[in-house]
Structures are given as structure tokens and as C-alpha cells.
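The values are calculated or read from the model by the stated rules, or taken from the named source; none is laboratory data. Keep in mind it's a predicted model, so treat the numbers as computed, not measured. Note that we place each Cβ from the backbone using ideal geometry, even for glycine, and neighbour counts take in every protein chain shown. What goes into the accessible areas is simple: the full protein's heavy atoms, side chains included, and nothing from ligands, DNA or RNA. Shrake-Rupley method; radii C 1.70, N 1.55, O 1.52, S 1.80 Å.
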Amino acid sequence: PEVQGKVLKALHKTGKPVVFVLCTGSAIALEQNEKDYDALICAWYGGQEGGTAVADVISGSYNPSGRLPLTFYRSTDQLPDFLDYSMDDRTYRYMTESPLYYFGYGLSYTTFGYGNAKLSSGKIRNGKSVTVSVKVTNTGDLAGHESVQVYVKRLNDENAPVKALKGLKMIYLNPGESKTVKIELPASSFEYYDGYADDLTVKSGDYRIMVGSSSRDEDLTSLDLIIR
């Protein structure tokens, strides 16, 4: 609401760091407000102990590790017309523009570094699985959780999503600790809609496997996979 935006702006003008606690059930267009806060906590609708959880995060008693389960668009201008039922530019799976906050994104009081990702095989037969492995290191000063995410894209298919989350594993690392994370992608990870079969099928061809900390391209390492 406009009046809350004015309060946020007034708080920012004091020069004190502003932690904006957002209570919402879905994405909110915040581009016009982002310059007026230093940190954002998405508290959603926290229930009876929601306030305690927020206080634990703000005070540093708990190191946050949440990730966005949806896309925060920059504004409603990035959304297609409500009466347009096409999936073009809807959700992270089909969006080609840069949103304000990406699906799968989230910060922590520590930092994590990713090593070189590898596939168990660069070529697999249709119906087989493949395993992605990557070394993750806690490069910060606090222990914390990291959510390792794996996305899949079918190349040379204009109807396929830009990327789709197909693997996820949360790990806990102490400062300086490293762990090699392995995530198996079963054959179902490569199923796409086939209009001729009117069903999901695995098609032979070229695929791109992406592993990292969010759906943002800068946070992902890409690997090539061929399904025969």
C-alpha cells in the first residue's frame, strides 16, 4: 500500500539500516520500494510463533536458509495479460526477462562456494538416470544450510521451459567445511509434453543440466547431456 511505502521511505531517510519484514501470501511488486530497505525478510503468514522466528533471524540467533518458492516480478508490467492463457513469461520456467528476485533465491549470514560440477555420464540411453555431483564449501564464518538446486532444459525445443527444477538437496556445513553433493536425476526428469502422444514422454536429443544456488543464470553451472 502507498502509505506503507511512505513509511518505509521515511525510515530509510533516518540513515539507520532498515530490515523490511514482508508478510504476504504471494509475490509482491517491490521494485519501487527496494531502494528504501537494506534487507528483506519474507515472513509469509507465520502463525502464532512467526514473530519469534523473525526475531531469531534479525537478532542473529538463527542463520536463515530459506529459498523463494516463486518468482518476485519487478512490477505487474512483467506479467502477461490476465486473459492470455499462454505460459510465455509466466513463472521462472518460462520467463525470459530478469525478475526482481528469482525462484530459488535466498541469502544467508554465511556464504557458499561451488566447485566444478560433473555428470556421471555425458550420454545416456532413453529411460536411464544420470547423477550430478558438485563440491560445495562454506566460505563464510558461520555454520549454515545450503540448498543445492538442479535444473533441466531440453535444447532445440521451442516449447520446452527455459529451465525446470528437477533436483534439490539441503546440506549443513560448518565454516570452511566442504562436501561433495550428489543428486540423481531419474528418467522422469527429462519428460516433456508430446502433442502426438498427448502425454509426457522422454525425447532423445540434447539437454542442458544446470546446478547451483538459485534459478538465476549467474548462480548456475551448465553441463551438456545427450539422451540417445
message = Filter the stretch 93-105 down to the residues that are touching a strand residue (DSSP E or B) at 6+ places or on another chain (Cβ under 8 Å) and either assigned to a strand (DSSP E or B) or loosely packed, with under 13 Cβ neighbours inside 10 Å (or both) and list them by number.
response = Tyr101
request  = Could you identify the single residue in Ser133, Ser147, Ser108 that is small (Gly, Ala, Ser), open to solvent by less than 60 Å² (accessible area, probe 1.4 Å), closer than 30 Å to Asn33 by Cβ and part of a strand (DSSP E or B)?
outcome  = Ser147
ask   = Of all the residues that make up the stretch 74-92, how many are open to solvent by less than 50 Å² (accessible area, probe 1.4 Å) and modelled with pLDDT under 95?
value = 5
task = Taking only the stretch 164-197 into account, find how many residues are touching a Ser or Thr at 6+ places or on another chain (Cβ under 6 Å) and at pLDDT below 95.
result = 1
message = Being at pLDDT 95 or above, open to solvent by less than 50 Å² (accessible area, probe 1.4 Å) and either more than 30 Å from Gly205 (Cβ to Cβ) or assigned to a loop (DSSP other than H, G, I, E, B) (or both) is the requirement here; does Val54 meet it?
response = yes
query = What tally of residues in the stretch 188-222 results from selecting those that are open to solvent by 40 Å² or more (accessible area, probe 1.4 Å), farther than 30 Å from Thr137 by Cβ and either without any contact (Cβ under 8 Å) to a residue 24 or more places away in the chain or outside any loop (DSSP other than H, G, I, E, B) (or both)?
reply = 10
request  = Write out, first by first residue and then by second, each pair whose Cβ atoms fall under 8 Å of each other, whose residues are 6+ apart or on separate chains, and whose first residue, in the stretch 141-163, is farther than 18 Å from Tyr94 by Cα and modelled with pLDDT of 95 or more while the second is β-branched (Val, Ile, Thr) and in a loop (DSSP other than H, G, I, E, B).
outcome  = Asp141/Thr110; Leu142/Thr110; Ala143/Thr110; Gly144/Thr110
inquiry  = Every residue in the stretch 150-187 that is assigned to a strand (DSSP E or B) and in contact with a helix residue (DSSP H, G or I) (Cβ under 6 Å, 6 or more places away or on another chain), please.
reply    = Val152, Ala164, Lys166
task = Could you please find all residues in the stretch 152-168 being surrounded by fewer than 16 Cβ atoms within 10 Å (Cβ to Cβ) and of a type outside the set (Asp, Glu)?
result = Leu155, Asn156, Asn159, Val162, Leu168
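Yes or no, residue by residue, for (1) of a type in the set (Lys, Arg); (2) outside any loop (DSSP other than H, G, I, E, B); (3) surrounded by fewer than 13 Cβ atoms within 10 Å (Cβ to Cβ):
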residue: Val3; (1), (2), (3): no, yes, yes
residue: Lys6; (1), (2), (3): yes, yes, yes
residue: Leu11; (1), (2), (3): no, yes, no
residue: Leu30; (1), (2), (3): no, no, no
residue: Ile41; (1), (2), (3): no, yes, no
residue: Gly46; (1), (2), (3): no, no, no
residue: Pro64; (1), (2), (3): no, no, no
residue: Arg67; (1), (2), (3): yes, no, no
